[in-house]
Each structure stands twice: as C-alpha cells, then as structure tokens.
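Every number in this text was worked out from the coordinates using simple rules, so none of it is lab data. Bear in mind that the values here come from a model prediction, so they are computed numbers and not experimental data.
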Amino acid sequence: MRVLGIESSSSTASVAIVDDDKLIAEYTINNTMKHSKTLMPMLEEMLKRLEIKVDTIELISVSEGPGSFTGLRIGSATAKGIAHGLNLKIASIPTLEVIASQVQVPGARVGVVVYARAREVYFATYDIELKDGHFYPTIVEPIISLEVEDLVSKLQSLNLDSNYFLVGDGVERFEEDFSALNDAIVRLAPIYCSFSAKNVALLGIKRYHDNDVVTCYEQKPYYHKKSQAEREYEERRK
C-alpha cells in the first residue's frame, strides 16, 4: 500500500511516501510556519523526484493535532483536498501518538510533551508495544493541557526509571525546567525527529487495516482547546 503522510502541526512541515513498511521518500523543512506556501510544493517536488504520479497513492495519513491551529488547518485541508480528488480515505493520527512512535523500545513508557503557548504544554503517556514485528504506541494517559511547572511536579511524584522516555518539542523548549527531573529520564530530541511524516504514514497503515479511517468530509483537526479568539469572544459575551 502506498501512503502519503502529512505533518504540519508545528513549525516543522513534513511529507513522506511509504510503500507498505518501506520509506520511499521524506521531505522536511523546519525553519518556517509558512506551511500554506511550502507543503504542496514539497509534495510536488518529492513526487517529481520519485517519478511517480499522485494517483498511485492509496491512502492519505495526516497528523490531526493538537498543535499549531493554523498548521493543523493547512495539513487537514491538504489531506482532504487530495483525498477528495483521488476518492481516498484518510487516516487521522493524533500528533502526540506520532511523536511517541519514534521510541522503538518494547515495553517503554513514553511521556509526550508538546508546546501549546506561553508556559503551557500538551501531555499524554503511551506504552510502546511490539506487534507483528512493528512498534506501536498504546495510550495510557490521554491528552491533557497544563503549565510546565505542574507537569514537572507531576513527573517528580512518579517512580521513573531508565525505561521512561520524555519526548517532544516541549522538552526542548523548557529544557531548564525538565533538568530538575530524575537523571534516569531519557530525553529524545531534536524536534525535527519528533514531527515526522514517515511516522504519520506508518501509523496510517495500521489504522487502515483496523478499518479506522474516515472520508474527506469527516476528517477534521483536533485542537484539544479553544483558540484565543474563541476564548476572548466568549469572555466578551459574559
């Protein structure tokens, strides 16, 4: 199965083509938030270099969020537009699950920290399981949003060991805060490894085989929280 993976939930824009379990190509840029200007040209260039046609793609897999509201909307619109044109299904993958999937250590527990705004982060916990020769994250603690100080306190209260991995761009952004944690915590950075369209595509294949896919009309970004504009509007309405 030939799958197109799309990741645009952060400052990183990434597209990838995976054929079954084999990565064919991945194109990543991590120096701009101008995804509306870069994402489609990146895809077109990648297909050109591969000398394959877009209509050979059989599934679209996109990182659904949470993350940058604008980035998520651009990724979703790109995935839906291509899926509509080719009459394809979409695998919508939680962004924190994508990041957790980079830890390919069976039995590992992974805390994923994604920057939200100011000193707030999104956090979720996964266990890494080996199934049929592949590593998959299984949700343990669902996504929450909290201040970084509260997350550090939360982690300090746990009995963490070397089998616990802390990953995500929030770890890099708040490195000094997380330095107070137990030395046994393994931190996996840099950010460009976390937001990978390859991982989005590979997780999409599993979703497809589990019949956990949607149409272009059903897919939508997952923001987890309301935008600042929505919060300000509601505050004015009180």
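First check a/c for the range 51-166, with a ≥ b ≥ c the square roots of the eigenvalues of its C-alpha gyration tensor; if it is under 1.5, answer rounded, and if not, answer prolate when a/b is larger than b/c or oblate otherwise.
Numbers: a/c = 3.53, a/b = 1.58, b/c = 2.24.
Verdict is oblate for the range 51-166.
Pairs Lys80/Lys206; Lys89/Lys198; Lys198/Lys225; Lys48/Lys80; Lys80/Lys225; Lys53/Lys89: which are spaced more than 24 Å apart, C-alpha to C-alpha? Write out the running numbers ahead of the final one.
Values: Lys80/Lys206 19 Å; Lys89/Lys198 18 Å; Lys198/Lys225 27 Å; Lys48/Lys80 21 Å; Lys80/Lys225 22 Å; Lys53/Lys89 18 Å.
Violating the 24 Å Cα-Cα cut-off are Lys198/Lys225.
For Lys131, give me every one of the aspartates and glutamates with a C-alpha distance below 20 angstrom, ignoring sequence neighbours fewer than eight places off in its own chain.
Cross-link targets: Asp19, Asp20, Asp21, Glu97, Asp210, Asp212.
Amide H to amide H under 5 Å from Glu64: which residues, 5+ apart in sequence or cross-chain, H placed 1.01 Å off N in plane?
Ile93, Thr95
Below 14 Å, Cα to Cα, which aspartates and glutamates can Lys37 reach? Residues fewer than 8 away in the same chain don't count.
Once the sequence-local aspartates and glutamates are set aside, what remains near Lys37 is Glu45.
With springs only between Cα atoms under 10 Å, which of Val103, Val54, Val113 fluctuates most in a Gaussian network model of the chain?
Maximum among the listed residues: Val54.
How high is the relative contact order of the chain? Use alpha-carbon pairs under 8 Å, at least six apart in sequence, and give a whole percent.
On the way: 507 pairs, mean separation 57.2, N = 238.
So the answer I get is 24 percent.
For the chain, which semi-axes, largest first and in whole Å, follow from the square roots of 5 times the eigenvalues of its Cα gyration tensor? It would help to have the intermediate numbers written out before the result.
Working: eigenvalues 170, 98, 50 Å².
Three semi-axes, in Å: 29, 22, 16.
Return the single residue from Glu97, Glu172, Glu149 with maximal mean-square fluctuation; model: Gaussian network over the chain, springs between Cα atoms under 10 Å.
Its mean-square fluctuation being the largest, the pick is Glu149.
Cut-off 10 angstrom, C-alpha nodes, Gaussian network model of the chain. Which of Leu88, Leu72, Leu202 fluctuates the most?
Of Leu88, Leu72, Leu202, the most mobile in the Gaussian network model is Leu88.
Report, by chain and number, residues whose modeled amide H sits under 5 Å from the one on Ser196, excluding near sequence neighbours (fewer than 5 apart, same chain).
none
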